[in-house]
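Before any comments, here is the structure.
The values are calculated or read from the model by the stated rules, or taken from the named source; none is laboratory data. This structure is a prediction, so every number in the text was calculated from the model and none was measured. In this analysis, Cβ positions are derived from the backbone assuming ideal geometry, glycine residues included, and neighbour counts consider all displayed protein chains. With ligands, DNA and RNA removed, areas are computed over all heavy atoms of the protein, side chains included. Shrake-Rupley method; radii C 1.70, N 1.55, O 1.52, S 1.80 Å.
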Amino acid sequence: MSYPFKEIEKKWQNFWRENDLDKTKDDRKKKKYYILDMFPYPSGAGLHVGHLKGYIATDILARFKKMQGFNVLHPMGWDAFGLPAENYAIKNKVHPQKAVDENIKNFKDQISIIGLSYDWDREINTTDPNFYKWTQWIFTKIFEQGLALRSFEPVNWCPSCKTSLANEDVEMGKCERCGALIEKKPLAQWVLKITKYAERLLEDLKFVDWEESIVEQQKNWIGKSEGALIDFFVAGVKEKITIFTTRLDTIFGCTYIVLAPEHELISKLKIKNLEEINDYVQKAKIKTDIQRTAEEREKTGVEIKGIKAINPYTKKEIPIFVADYVLGSYGTGAIMAVPAHDERDFDFAKKHNLEIKQVINPEKGEIELPFIDDGVLNNSEKFNNLISQEARKKLLDFAIKNKFGKKEVFYKIKDWVFSRQRYWGEPIPLVFCENCANKIKNQKSKIKNEFNKGEILNPGWISLVEKDLPVELPKVDYYEPTGTGESPLANIKNWVLTKCPKCGGAARRETNTMPQWAGSSWYYLRYLDANNRKELVDKKKEKYWMPIDFYVGGAEHATRHLIYARFWHKFLYDIKKVSTIEPFKKFIHVGLVLAEDGRKMSKRWGNVVEPKKVADEFGADSCRLYEAFMGPFIQSIEWSNSGLRGCFRFLNRVWGLKDKISEKKIDDKKLVILLNQTIKKITEDVAAFKLNTAVAQLMAFVNELEKQKEISKKTFETLIKLLAPFTPHFSEEIWSFLGNKNTIFKENWPKYDKKFIEEKEITIVIQINGKLRGEIQTERGANEKKVLETALKNENILKYVKDKQAIKRKIYIQDKLLNLII
RNA sequence: GCGGGCGUAGCCAAAUUGGUAGAGGCGCACGGCUUAGGACCGUGUGGGGUAACCCGUGGGGGUUCGAGUCCUCCCGCCCGCACCA
């Protein structure tokens, strides 16, 4: 017979709801704890048990912290704008709004099965105009500060989703959402100047308590390189080519220069073989990123004939090439090539028979070209014999003194392409006004007073003010992407045509929408004050609740959401809307739950484990306990039905223990110690998010209780409290069975007594020459002499130690072991 | 190629940061209870050996009284980035 989990779970979920137990008040006398799950986008596929793992874990932590007396904020919402929702809607021929509403309902039903303690009064939805009003508001602030710019650079274009994408949305040259090959397409775009925040995004990582791997991923993504800009003059003309290098120490080995195909100078120079060059440039431009890498990094390129560059250090003339192994989008789009000390330059030089001049020697050992490490300079005139690091400084000083170079820092991170040519997103709250454009272009008025920074930088583009927000997404019947580079919104004339809020003249709305990442870049602030109609968040509430103490979500967001949100947060900090420089104090990623067959759970494989089925068969609490127990949280792990059954068995055994309760029973010393050790272990493990070992300890403790004939009520109550965060319904039921009227979650978390943590009688291990040969029982704190004497009474030890004289050395670790060297 | 992580019974895993390797779960075996069981309960469960003991944390080497833990080289796996000058 199993315990009646079905009735119990329903009963207590109703009880919690009816008594508002999951509602969080802004009780500022209490210490706060803000624990947050990344909010999901409500897909049509629904949830499987893997999605719940993170929610269960944070729920355990939230309930635990509540019992510890914290004021816990634990909210949930929906990230419902964006490509996934829209593509689903198109595929199923329903309006995105309808699809989203249905999917949210489905998600919410699935989530509520397992008894999560979210405060649903604070629920948010990024597609709700009351929410996205503030997403738009933040955008206008970013614009006003001159951090949103109209750009005409070629962008990543997904031919299947028919929209431009940010760099972060591209994976290995493919669309992160649909897998289509990304093309480069010139398109007018709004880009956000995240690069202005690159240094702070990098630097401030030292203030967050995140996993090493996530921090490293962000560092790599931001990709800071410190180096120098050096001017190479073009012989005989006034032009110069500025290159970026981090290896100025190798400059005497620079035997040619390479320009990226996109380099602007190519069109300005007098080139003898112009046709050949243009041909190469054209071919390079249409290559996709995939093609570039697919060619096994074969280094193609063409020499620009008729001109030479002058190495400012050697004064020698060197050839100039165009090659697509140099990227137009990084540095200056031009490099000095040092084939002896760079693999790519080496390959290229070999192929084109160019001079390879070695200028660095390894500090020790033989040299093998290309030698790319730091070393000692030679063939470098007066800089010979310097070590690389020192040489870089001195060579830079020389360049600065002679005015052909300076220090420079570059970042790999690109500005955030923020426009999507799609329907299902927040409209970008800008209008274009011809009249204002002319004003700015002609500098007719005192434009500094009349226009903000963004408006001056983007003539004609006027940002809406707060009272005009939100710009609501018009309800339409046709919303499929056009593919022309225009958003579907462009076809809605009466929406597009509007008045300029500045001059009242005719204006038209921006028809592109924001990317999926916009709402999620600040949503965590809205939970603090979800229904505020006047501002994004009340200052006092923000100050009380921020930063997020514990954030849990997918690792795939390391270089997407987690970077964007940090960027917006820092911006909000700069305009004094938030009080912390970082939003997420601690972040832990949730490991995948794979199906029992080791593959990802997917409808395609038919291996999806649905929460409802699990809850029907074994109950929500077994599911919760198992997901906590299955392994270390961040690790990906295979689902196991027998493992789940094991947890179910465990709960049934605890259920059975009720019959052994005795009011009179007094626990023996051993059990008291184990109980206190258990409290300590679980308290520490849950706080450290080591839920698997916490559950293991609960099991070990229950195994011990089962050996008892009777169990004291007090001990049993403590066990139930320890179990409560993991199995809330189960624990409430037993708690009330024990005669308690109120919810167990109003109880204080058990405290252990240090006095009862350590056993007085302990076992000391006796080693002979480092090998285990016996153990003895003694009092805690016994000294070496006493332990040795006791040990020498042990038969087994005596076999090895014939007499005391044989002991050459003794190593005694208090209360642990005695190692005798003979 | 670069960066991060990992490798412990048949499987998932634990090990207080250098001190009894394998807690806990699954599985398996035997026993009990059962008309029956893919249910439940109990006992056992790294390998070898009658035993004393020996061997054992991917492999080799090292430091140490003592190494899963530290150092070094190698092998394998996972994740991220990838012509970033």
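The figures follow:
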read-out: Filter result for A:F232 (under 24 Å from A:R344 (Cβ atoms), within 10 Å of RNA strand B (Cβ to nearest atom) and in a strand (DSSP E or B)); value: no
read-out: Selection within segment A:169-183 - farther than 16 Å from A:D415 by Cα and either touching a residue at least 24 places away in the same chain (Cβ under 8 Å) or out of contact with any Asp or Glu (no Cβ under 8 Å at 6 or more places or on another chain) (or both); value: A:E171, A:M172, A:G173, A:K174, A:R177, A:C178, A:G179, A:A180, A:L181, A:I182, A:E183
read-out: Residue match in segment A:692-704 (condition: of a type in the set (S, T, Y), more than 11 Å from RNA strand B (Cβ to nearest atom) and touching a helix residue (DSSP H, G or I) at 6+ places or on another chain (Cβ under 7 Å)); value: no
read-out: Residue match in segment A:751-765 (condition: at pLDDT 85 or above, surrounded by 13 or more Cβ atoms within 10 Å (Cβ to Cβ) and either β-branched (V, I, T) or over 46 Å from the mean Cα position of the chain (by Cα) (or both)); value: yes
read-out: Per-region count, segment A:152-166, residues crowded, with 17+ Cβ neighbours inside 10 Å and within 17 Å of A:W416 (Cβ to Cβ); value: 9
read-out: Test for A:D128: is it open to solvent by 10 Å² or more (accessible area, probe 1.4 Å), free of Cβ contacts under 8 Å to residues at least 24 places away in the same chain and within 26 Å of the chain's Cα centre (by Cα); value: yes
read-out: Selection count where residues are away from RNA strand B (no atom under 11 Å from the Cβ) and either in contact with a helix residue (DSSP H, G or I) (Cβ under 8 Å, 6 or more places away or on another chain) or of a type in the set (D, E, K, R) (or both), scope segment A:783-800; value: 7
read-out: Total residues in segment A:737-775, condition farther than 28 Å from A:A687 by Cα and of a type in the set (F, W, Y); value: 1
read-out: Looking only at segment A:170-181, and only at residues there that are touching a Leu at 6+ places or on another chain (Cβ under 7 Å) and assigned to a loop (DSSP other than H, G, I, E, B), the one that is most open to solvent (accessible area, probe 1.4 Å); value: A:R177
read-out: Given (1) at pLDDT below 85; (2) within 14 Å of RNA strand B (Cβ to nearest atom), number of the condition A:Y812 does not satisfy; value: (1)
read-out: Filter result for the condition that a residue is open to solvent by less than 20 Å² (accessible area, probe 1.4 Å), closer than 17 Å to A:K65 by Cα and of a type in the set (V, I, T), over A:I711, A:I734, A:I744; value: A:I744
read-out: Hits in segment A:604-648 (condition: loosely packed, with under 15 Cβ neighbours inside 10 Å, in a loop (DSSP other than H, G, I, E, B), over 26 Å from the mean Cα position of the chain (by Cα) and within 14 Å of RNA strand B (Cβ to nearest atom)); value: A:S640
read-out: Scope segment A:544-575; condition at pLDDT below 95 and more than 16 Å from RNA strand B (Cβ to nearest atom); matching residues; value: none
read-out: Yes/no for A:D279 being exposed (fewer than 14 other Cβ atoms within 10 Å of the Cβ) and farther than 18 Å from A:Y330 by Cα; value: yes
read-out: Search result, residues across segment A:381-412 that are out of contact with any strand residue (DSSP E or B) (no Cβ under 9 Å at 6 or more places or on another chain) and touching a residue at least 12 places away in the same chain (Cβ under 8 Å); value: A:E381, A:Q389, A:N402
read-out: Residue within segment A:330-339 that is among the β-branched types (V, I, T) and buried (at least 23 other Cβ atoms within 10 Å of the Cβ) present; value: yes
read-out: Members of segment A:210-244 that are acidic (D, E), open to solvent by 80 Å² or more (accessible area, probe 1.4 Å) and farther than 19 Å from A:G331 by Cβ; value: A:E212
read-out: Among (1) open to solvent by less than 30 Å² (accessible area, probe 1.4 Å); (2) in contact (Cβ under 8 Å) with a residue 40 or more places away in the chain; (3) under 19 Å from A:Q68 (Cα atoms) - the single one A:D685 does not satisfy; value: (2)
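A quick yes/no check of all residues on (1) in contact with a Pro (Cβ under 8 Å, 6 or more places away or on another chain); (2) aliphatic (A, V, I, L, M); (3) part of a loop (DSSP other than H, G, I, E, B):
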site: A:Q358; (1), (2), (3): no, no, yes
site: A:G365; (1), (2), (3): no, no, yes
site: A:Q389; (1), (2), (3): no, no, no
site: A:F398; (1), (2), (3): no, no, no
site: A:I413; (1), (2), (3): no, yes, yes
site: A:G425; (1), (2), (3): yes, no, yes
